[in-house]
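The values are calculated or read from the model by the stated rules, or taken from the named source; none is laboratory data. These numbers were taken from a predicted model, which means no experiment stands behind them. Every residue, glycine as well, gets a Cβ built from its backbone with ideal geometry; the counts of neighbours run over all protein chains shown.
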Amino acid sequence: MPDCLGLVFYLLIRIIMDKGYSYNKVFAAACLGMLLFGCALISVGSFMPAIIQKFHFDSLQAGTLASVLPAGILFGSLVFGPFVDRYSYKYLLIICSIVFILGMEGIAFAQSLFILQVSFFLIGFGGGTLNGATNAMVADISDASSKNSSANLSLLGVFFGIGALGIPILLSVLTSTYSFEQIIKIAGVVVVFPLVYFILVKYPSVKEPQAVSLKQALKMLRDKKLLVLAIFLFFQSAIEGIVNNWTTTYLLKSGEIDTELTLKALSVFVVSLTVARIFLAAVLRRISAYKVLLFSIILLLAGVLVFSIQSTFSVYLTGLVLIGFGVAAGFPVVLAYVSHLYSNQRGTAFSIAIVIGLLGNIGVNYLTGIVAHHIGINRFPIILLICSMLLLIITITQIKQFHKKVRI
């Protein structure tokens, strides 16, 4: 641990000594922000068992915590765009890191449900804002340096996977030695290092140093191209959300698969998504984004069909691996199209697209719950198949037309 801390301080000192603009340093800042978002998104599921045990919450009280986190993410995704179009990324990253720290420490010291709700909202808000801001920032610096934005956005997404896997691993390793509260306190303190990094890095200048008016934002909401791309993200985000939230329930009801194996299956999905984005970071520099996106959706459909076969655990795993690889390209490629089409109001355009995507996540998750309650969770693969088919239709009929105008 001292060696790691020494390395961190050494890197920070090197940054202080060289205050000039650097693409690599800004990209590293974006990766740190995305890693924090991965931690934020997985925090409810990771912390919930210990919180329920400590406070003796019932399912209704626990459900309020599960709902305030996405509410915070949605609100953060809504406000980041106009902010970064007017002000520097630096202030937003700093504010969100502080908010994230307050949320983590709030959970550690909480003595009531209200404090926990506020803390989860802060984590969601900080994480949601960081997600949007880091995507927009990578698109900005990729555009400025003539680098492939879709490839860089894919590489950025790898750090979401690292963050999402990091919290469960951290808890599993340290739980035997430290209490739940101590682990969260330490995690909150560790976020201070990214905060210091965000303070020291020099960011790209603001392209449009005036606020995007409400009239302009509403006009963008009526823009057909932006709406098509946002609707794609609606179903893309829906698939990612329901796979994360309903796979374990479906597997438990589908056969003789215990809880431990279902959790491993979910981890396989996250790992396959992360590994796929590593490959995409290289592939998207050589092959057109449209072809990669189309091939990914075909993989997704294949994965859904394999997953729907009620068979052995290895068959379910194969399906989840294909689904993970299939959904990996969606966000990086579509956000790259948004970036090129709306370069002057990139932040606001990203806000609109990401918020509509999150609404898909929330809405289809809710719909899946209704279907599971009234019809049965065995219809889960049908919902996946419908969303996947809609992605294919949007890609072939609409995004193909955008690709003729925007070559990425």
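Can you pull out every residue in the stretch 341-352 that is part of a helix (DSSP H, G or I) and under 19 Å from Y89 (Cα atoms)? Before the answer, list the steps.
If we filter the stretch 341-352 for residues that are part of a helix (DSSP H, G or I), which is where we start, we get 341, 343-352.
Scanning the stretch 341-352 gives S343, N344, Q345, R346, G347, T348, A349, F350, S351, I352.
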With the structure loaded, tell me whether A62 is free of Cβ contacts under 8 Å to residues at least 40 places away in the same chain and aliphatic (A, V, I, L, M) or whether it fails that test.
yes
Need the failing condition index for G376 against (1) at pLDDT 90 or above; (2) at positive phi; (3) not aliphatic (A, V, I, L, M), just the number.
(1)
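Has the stretch 310-328 got any residue that is of a type in the set (S, T, N, Q) and in a helix (DSSP H, G or I)? Steps first, please.
Of the residues in the stretch 310-328, the ones of a type in the set (S, T, N, Q) are 310-312, 314, 318.
Remaining after also requiring in a helix (DSSP H, G or I): 314, 318.
Checking the stretch 310-328: at least one residue is of a type in the set (S, T, N, Q) and in a helix (DSSP H, G or I).
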Failed item in (1) of a type in the set (G, A, S); (2) surrounded by fewer than 20 Cβ atoms within 10 Å (Cβ to Cβ); (3) touching a helix residue (DSSP H, G or I) at 6+ places or on another chain (Cβ under 6 Å), with G128 passing the rest:
(2)
Being outside any helix (DSSP H, G or I) and modelled with pLDDT of 85 or more, is that true of even one residue in the stretch 354-367?
no
Please state which one of Y337, Y250 is crowded, with 17+ Cβ neighbours inside 10 Å and farther than 17 Å from S142 by Cβ.
Y250
Does I51 qualify as being assigned to a helix (DSSP H, G or I), surrounded by fewer than 19 Cβ atoms within 10 Å (Cβ to Cβ) and either in contact (Cβ under 8 Å) with a residue 24 or more places away in the chain or aliphatic (A, V, I, L, M) (or both)?
no
Looking at V292 and the list (1) in a helix (DSSP H, G or I); (2) closer than 20 Å to I383 by Cα, which single condition is not satisfied?
(2)
Every pair of residues 6+ apart whose Cβ atoms lie under 6 Å, when the first sits in the stretch 176-197 and is surrounded by 14 or more Cβ atoms within 10 Å (Cβ to Cβ) while the second is aromatic (F, W, Y):
V191/F100
